[in-house]
């Protein structure tokens, strides 16, 4: 078996566990080729010959995993999401193990699930050209992007705690008027953020929405309608109650579904996708790419 490992050197690439994973692959008879991402360049050039390999391991955070999956979209090449980032939400949603030996076993077993991908497109900005990227978990405009920006310098030192610090630095986020177009239907609303969700589980293993399925060809479009960060506390509490029994209400959120979404905000708001900041602000468009990504999973995955 031949495995291509695409490694983001900024995402804990010096973690000894990564080399335990590579060593475990060798013990299982797999040959591994290592390639490293450079700066913010997409992984496309590293994957031109991906059909030569039986699987591709995306070693990094959610942004790295989604970039690899997007570059390989519709190819059927199985991708192993290796958790070397801050939140590792793809791994959490797929319920993958984190132990290197178990990840190596899953890679060699190559049990797969086919999932939808999201595609996000922005217009040209004053300091950035028009851009199209892929995402697996969620893309957002507003409060969530402001949190990501505030957390950037802290992620390597305090991990997920950086997001809590980022939220505390944005207790009074920008409140905006939104014009959404959901599969051609306009919706006028307001709030501090709009999230376009493909995989619904976020930090602390909380689910943003019930019934989310990354195989149904639909996004959950979540409008955060509170005016302050403190206004989200009932929402978080409701999500935590899911661990005891299902609690479908999400106070402070309005949730829609659509396969094609456009978001305009007044004032314009910053953007992020899978934890990666974009240079542009709204407006933005997102569409589902149905069954475009093939991921390695285990029996524990809800998508197995």
In region 78-101, anything more than 19 Å from the chain's Cα centre (by Cα) and in contact (Cβ under 8 Å) with a residue 40 or more places away in the chain is listed as 100, 101
_Residue check for residue 63: in contact with a strand residue (DSSP E or B) (Cβ under 7 Å, 6 or more places away or on another chain) and not in a helix (DSSP H, G or I)_ = no
Among residues of region 48-62 being crowded, with 24+ Cβ neighbours inside 10 Å and over 9 Å from residue 79 (Cα atoms), the residue nearest to the chain's Cα centre (by Cα) is 62
Out of (1) out of contact with any strand residue (DSSP E or B) (no Cβ under 6 Å at 6 or more places or on another chain); (2) surrounded by 21 or more Cβ atoms within 10 Å (Cβ to Cβ), the one residue 78 does not meet is (1)
### Query
Is it true that some residue in region 8-30 is part of a strand (DSSP E or B) and either in contact with a strand residue (DSSP E or B) (Cβ under 8 Å, 6 or more places away or on another chain) or more than 18 Å from residue 297 (Cα to Cα) (or both)?
no
How many residues of region 265-284 are surrounded by 18 or more Cβ atoms within 10 Å (Cβ to Cβ) and in a strand (DSSP E or B)? The answer is 10
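The numbers here are math on the coordinates, done by the rules we state, and not lab data. Just so you know, these numbers come straight off a predicted model, no measurement behind them. With ideal geometry, Cβ positions are generated from the backbone for all residues, glycine too; neighbour counts draw on all protein chains shown.
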